[in-house]
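The values are calculated or read from the model by the stated rules, or taken from the named source; none is laboratory data. Only a predicted model underlies this, so the values are computations on that prediction, with no experimental measurement involved. Glycine also receives a Cβ, built like all others from the backbone with ideal geometry; neighbour counts cover every protein chain displayed.
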């Protein structure tokens, strides 16, 4: 059964599978940085009222399953997450204090809607590392 959320005049279930990559697809998301970026993205999601249902960080990209309220567009939400997280990554992890030109993420993102296949999408996000290394297979039943 689906868990519907509600605001004052709307009941909704809007879930999206989003993939973002660092600039030039550099393999920079590992170790301490990996955990800190996860924390930063979770905090920014909470701040905007977006629910981060599932997330997994690979060395060169991040998969997230987001529940976005209908008052925000996907583009607005992903733009907010990428923009604010880039500033925080530069200040908190890379120790740069510049006010402009703080690029971390590549332009664009990949998004697909999550419908009745939510559990399958969440399993895919969780098992991403095994799938890419060829150690596991996704059960598509």
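Assorted remarks:
- Residue satisfying all of: in the stretch 56-65; touching a helix residue (DSSP H, G or I) at 6+ places or on another chain (Cβ under 7 Å) and surrounded by fewer than 19 Cβ atoms within 10 Å (Cβ to Cβ); farthest from residue 13 (Cα to Cα) among these: 60
- Odd one out for residue 47, checked against (1) at pLDDT below 95; (2) at negative phi; (3) out of contact with any strand residue (DSSP E or B) (no Cβ under 9 Å at 6 or more places or on another chain); (4) exposed (fewer than 12 other Cβ atoms within 10 Å of the Cβ): (1)
- Any hit, the stretch 26-41, residues being over 16 Å from residue 93 (Cα atoms) and at pLDDT 95 or above: no
- Scanning the stretch 1-34 for residues that are surrounded by 14 or more Cβ atoms within 10 Å (Cβ to Cβ) and farther than 23 Å from residue 112 by Cβ yields 28, 33, 34.
- In the stretch 55-64, the residues that are farther than 18 Å from residue 107 by Cα and at pLDDT 95 or above: none
- Residue check, residue 107 surrounded by fewer than 18 Cβ atoms within 10 Å (Cβ to Cβ) and either in contact (Cβ under 8 Å) with a residue 40 or more places away in the chain or closer than 22 Å to residue 133 by Cα (or both): no
- From 125, 68, 40, 121, residue being over 18 Å from residue 23 (Cβ atoms), in contact with a helix residue (DSSP H, G or I) (Cβ under 6 Å, 6 or more places away or on another chain) and surrounded by 16 or more Cβ atoms within 10 Å (Cβ to Cβ): 68
- Taking the stretch 1-41 as the range and being part of a loop (DSSP other than H, G, I, E, B) and in contact (Cβ under 8 Å) with a residue 40 or more places away in the chain as the test, the residues that pass are 13, 14, 21.
- Filtered residue count, the stretch 92-127, keeping only those that are part of a helix (DSSP H, G or I), modelled with pLDDT under 85 and farther than 16 Å from residue 66 by Cβ: 1
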